[in-house]
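The next block holds one structure in the form of C-alpha cells; read it before the comments.
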Amino acid sequence: MTDRTLVEAIAYKKRIAELEAELEEMTVALAQAWDQLVPFLQDAPTQATSTLDIVPVLESIIAAIDARMGAVYLKQDDEWFTIPSEIVNVRVFYKHFDQLESGQTIHIHNIPAWHGRPTHWMFMPILINGKTVGAIGVGLEEDERQFTALDARVLTRMTERAASQIVAANLVESQAREAQIAREMQIASLIQRSIQPLTVPHLPALELTAHWQPAATVGGDAWGWVMQPSGQLACFILDVAGKGLPAALGAVSLHTALKMALRLGLNPVDALSTVNNEVYEPYTNAGLLATATVITIDPGSGELEHANAGHTPTLARIGNRWSLWNASTPPLGVLPEITPQSEYRLLESGDLLICYSDGFSEIETQHGFWGTHGLLRAIPDQIAGANLAVQEILAAVEHLPNYGAAADDQTIMGLSFL
C-alpha cells in the first residue's frame, strides 16, 4: 500500500466516524423530539365540533416549540386566531403567503407586534387532500433564538394534526347546518299546510273547489275562503315569491291579513289595497313580494267582483266564451299604495272561473311553458262544474311528456255558478 493510499484510507475512516457520530446525534435528537412531541399530541383535542377547537392545538404547538406567539389562518373564510389575541396585524402576513402552495415552511422576519418589539415567525401550510386550506405559525421576538430544524419538525407534525381537526370541524359544522336547514324546511312545510282550508263551503248555487300540491322545496302558495257579514262568499289565492321558511311565513301573514280584511266585509279592491298598505314596509325590508287574486260572489244572485294584484290571469268562462282577467297592478309589496281594477259580472248557470298559481302555467314542456293555453286545452268544452274542470287540469298535467315532480308549489281554485 502506498503512502498516498494509506493517507486516503485514514481520511475516509475518519469521515465515516464523523458521519456515524452525526447520525447518532440526529437519532438522539429525533428521539428527543418525538418524546417532546407525544405529550402535546396527546393533550391536543382529538375531536372537533367547530373550527374554534383548533385553538387548543395551537396552544399545544406553542408550548412544544417554546414559542411566544401563535397564529392559525383558515383560507376559505379568511379567518384568523392568534395567541395572544391580536398580538400582530395579521394582514402583513398575506404578501408572504403566495409561498404556501409550495408546501414548504415559510419564515417571516421583522413583523411588528402590539408591544412594539419586532417578531419573527415560522408558518407551515395546512394541507387537506393536497390542497392548501390555511397555515399555522409560531412566533418569537426577533432578538430571541432562531427557529431550529427540530422546531420545524414539531410544527410539521402538529400541523398535520390540525389538518385532521379542520376536516372534522368542517364536517360537524356542515352536518349541523344541514340539520338546521332540514328543521326549517319541516317547520315551513307544517306552517304552509296549516293555512290551507280543510273544507269548502256548501252553498246551493255555488261550487268552490281547490287543489294544493307543495313542491319538494317549500314555497309560498295558499288559498282560502270566508263568509262575509253580507252573506257573500269571499275566496282568494296567493303566492309569496321565494322558497323555504321566509316564503312560508310570508304566506301565513298574507293569508291571515286577507281573511281578516274579507271578514270585515271589504270588497276585493279594498281588501288588496288595505293589505298592501300593511305588508309594504315589512315586505320591502325582507325583500319579499306576493301576488293575489280575490273574488266575492253573492250565492243567491251570482253578482261577482274580482280583483287581481300581480297574479296569473284568471280563466273566466262566461256564457260559453273564455277570457283572461289579467292583473291590473304590480304584486303586493312593490308599491306603497295600489288600487286594482275590478271585474264585475253577473254569473249565470254554467259560468266558471279558474284561478291558479304559476306552478301550473310555468310547467316546462318540450315546447316551452305550459301556460294559460295549456290549462285551457285541458278543460273540455262542455265541462260542468268547477270540481270536474280542476280534475281535468290535474289529469292533463300528469300526462304531460317527461313530467316529474313539481318544481314549484301548484295551487288551483275553481268556482262555478250552478
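Any read-out appearing in this document is the output of simple, stated calculations on the displayed coordinates, not a laboratory observation. Model, not experiment: these values are computed from the prediction. So basically every Cβ, Gly included, is an ideal-geometry build from the backbone, and we count neighbours across all protein chains shown.
Phi angles across segment 292-303 convert, under the Karplus curve 6.51 cos²θ - 1.76 cosθ + 1.60 with θ = phi - 60°, into 3J(HN,Hα) values of 7, 10, 10, 10, 10, 8, 7, x, x, 8, x, 5 Hz, Gly and Pro given as x.
Only alpha carbons enter this Debye calculation for segment 220-278, each as an equal point scatterer, and the log10 of I(q)/I(0) it gives at q = 0.19, 0.22, 0.23, 0.27 Å⁻¹ is -0.64, -0.81, -0.87, -1.08. Peptides 60-68, 297-305, 322-330, 79-87 ranked from most to least packed, by the mean per-residue count of other Cβ atoms within 10 Å: 60-68, 297-305, 322-330, 79-87.
What FRET efficiency, computed as 1/(1 + (r/R0)^6) with R0 = 56 Å and r the Cβ-Cβ distance, is obtained for A11 and E79, rounded to the nearest 0.05? Calculated transfer efficiency: 0.45.
The amide H of G70, built 1.01 Å from its N in the peptide plane, has I83, G139 as neighbours under 5 Å, considering only residues 5 or more places off or on other chains. The Cα center of segment 238-272 and the Cα center of segment 76-121 differ in position by 55 Å. The convex hull built on the alpha-carbon positions of segment 232-332 has an orientation-averaged projected area of 6.7 nm².
Other residues with beta-carbon under 14 Å from the beta-carbon of V390 carry, at +1 per Lys or Arg and -1 per Asp or Glu, a net charge of -2.
A Förster radius of 35 Å combined with the Cβ-Cβ distance from E348 to R193 puts the calculated FRET efficiency at roughly 0.45. Simple spin-label estimate for H373 and V90 gives 5.9 nm between the two label positions (7 Å along the Cα-to-Cβ direction from each Cα). Looking at the square roots a ≥ b ≥ c of the eigenvalues of the Cα gyration tensor of segment 195-417, which shape do they give, rounded for a/c under 1.5, prolate if a/b is larger than b/c, or oblate? It is oblate, given that a/c is not under 1.5 and a/b is not larger than b/c. Percent of C-alpha pairs per 5 Å bin in segment 285-376, short distances first: 3, 12, 21, 19, 19, 13, 8, 4, 1, 0.
On the beta carbon distance between L394 and R177, with R0 = 25 Å, the FRET formula returns roughly 0.10.
Using θ = phi - 60° in the Karplus curve 6.51 cos²θ - 1.76 cosθ + 1.60, the 3J(HN,Hα) couplings for segment 250-261 round to x, 5, 4, 5, 5, 4, 5, 5, 5, 4, 5, 4 Hz; x is entered for Gly and Pro.
Couplings for segment 269-284, taken from phi via the Karplus curve 6.51 cos²θ - 1.76 cosθ + 1.60 with θ = phi - 60°, read 5, 5, 5, 5, 5, 5, 5, 4, 4, 6, 8, 4, 5, x, 5, 4 Hz in order; Gly and Pro are left as x. Were the residues from W114 through E337 laid out at 0.36 nm apart, the gain over their Cα-Cα distance would be 74.6 nm.
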